[in-house]
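All remarks here apply to the structure that follows.
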Ligand SMILES: [Zn+2]
């Protein structure tokens, strides 16, 4: 097969068609995604894949895991993995409807085009190609829900695979990396801390208990931890910046200067370069909160409270040097350069399950989560080239 001819032909047109269909499903994190999952499942079934689904508690969201069986040992398959959820879009800010794909200047615009329905469209379009030949090893498709809000779907798939005694050697996560190899990323922990004080007239502070003042003390402690993280000595660190970061992104509370605030909340995040830094922050801030602040906030008000809500804790992706996945991808794309990044993905979860994992997918992270998100034809074609090379590599002659 002539690879270039294939990329410019039916498989590319099919990718565009599938991508446009996928954009129509408004699969914002936390919202139902079953229609999209059924659409993907049907396409894969048409190529002869066997599949199963795992669901959230209310059965409104599902992960899909599908397999095109190869003739090799069962545990040597390659997983092509993507998340089906997208971040919200404010339609009025977009040039056109974010959920209707706009095809212009060799780019497809729409929510999720680059993060990461473009990759899903490519692998779905490539499925008939994989199915057309006997494969030495199986190809698996893993499409998850709620990655953007803390990787909630992927652990259910991995637990299910374990139950079914299914193991795989390699996983390719198609997050937008401009088709470059990513071999490590930081963890991502996001929290919202709620403070409940006691309201009252500002002229008599003793009768109230300001939730804002406790939020400030808590913030000061976080800033102290931030500096401690920054000053920890690091050897041979790959990341930029080369230390774990912490930041407070939002403070909400109070109604005016002359009223003691009864409520305040802080939204904050940690991007740890290793698990112990994340644990250090959790332990330190929880101890400070429970032992120092909580008794004070309850001093004149038994209903006073501090509650830390975990929005998401995404495990980091530890560096893979010369692993099966990294070497495979280097061969498929003809580029062995390795990079790191500072945003979270499902890679650490697959890695922790013993699967050699690499991140490489079409589109740029610069376009992800933005107004007028897009993916270029060129990036989709590069991804198709990688998949065609993979098919050639594992076809059984
Ligand atoms: Zn993503």
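The values are calculated or read from the model by the stated rules, or taken from the named source; none is laboratory data. Source: prediction; values computed, not measured. Neighbour counts are summed over all protein chains in view; Cβ atoms, including those assigned to glycine, are modelled from backbone coordinates with ideal geometry.
In table form, for the structure just shown:
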quantity	calculated
Within the range 143-157, considering residues that are surrounded by 21 or more Cβ atoms within 10 Å (Cβ to Cβ) and closer than 22 Å to residue 325 by Cβ, the one farthest from the ligand (Cβ to nearest atom)	157
Condition check for residue 289: farther than 21 Å from residue 150 by Cα, surrounded by 19 or more Cβ atoms within 10 Å (Cβ to Cβ) and either assigned by TED's automatic domain parsing to the domain that holds residue 253 or touching a helix residue (DSSP H, G or I) at 6+ places or on another chain (Cβ under 9 Å) (or both)	yes
Criterion violated by residue 354 - all others in (1) away from the ligand (no atom under 16 Å from the Cβ); (2) touching a helix residue (DSSP H, G or I) at 6+ places or on another chain (Cβ under 9 Å); (3) not in a strand (DSSP E or B) satisfied	(2)
Condition check for residue 235: within 30 Å of residue 185 (Cβ to Cβ), part of a loop (DSSP other than H, G, I, E, B) and outside the structural domain of residue 351 (by TED's automatic domain parsing)	yes
Helices (runs of 4 or more DSSP H) (entirely within the range 274-344) containing at least 2 residues that are over 19 Å from residue 361 (Cβ atoms)	275-288, 294-297
Some residue of the range 99-115 being surrounded by fewer than 17 Cβ atoms within 10 Å (Cβ to Cβ), over 27 Å from residue 134 (Cα atoms) and within 16 Å of the ligand (Cβ to nearest atom)	no
Filtered residue count, the range 197-215, keeping only those that are surrounded by 15 or more Cβ atoms within 10 Å (Cβ to Cβ) and assigned to a helix (DSSP H, G or I)	5
Residue in the range 306-325 that is free of Cβ contacts under 8 Å to residues at least 12 places away in the same chain and either away from the ligand (no atom under 16 Å from the Cβ) or within 22 Å of residue 211 (Cα to Cα) (or both) present	yes
Test: residue in the range 125-142 that is buried (at least 17 other Cβ atoms within 10 Å of the Cβ) and either within 16 Å of the ligand (Cβ to nearest atom) or on the phi > 0 side of the Ramachandran plot (or both)	yes
Residue check, residue 60 away from the ligand (no atom under 16 Å from the Cβ), assigned to a loop (DSSP other than H, G, I, E, B), within 25 Å of the chain's Cα centre (by Cα) and exposed (fewer than 15 other Cβ atoms within 10 Å of the Cβ)	yes
Residue among 354, 278 that alone is more than 22 Å from residue 198 (Cα to Cα) and assigned by TED's automatic domain parsing to the domain that holds residue 218	278
Only one of 15, 95, 67, 54 that is in a loop (DSSP other than H, G, I, E, B), more than 16 Å from the ligand (Cβ to nearest atom) and assigned by TED's automatic domain parsing to the domain that holds residue 368	95
Exclusive hit being over 21 Å from residue 393 (Cβ atoms), in the same structural domain as residue 40 (by TED's automatic domain parsing), touching a helix residue (DSSP H, G or I) at 6+ places or on another chain (Cβ under 7 Å) and modelled with pLDDT under 95, set 155, 176	155
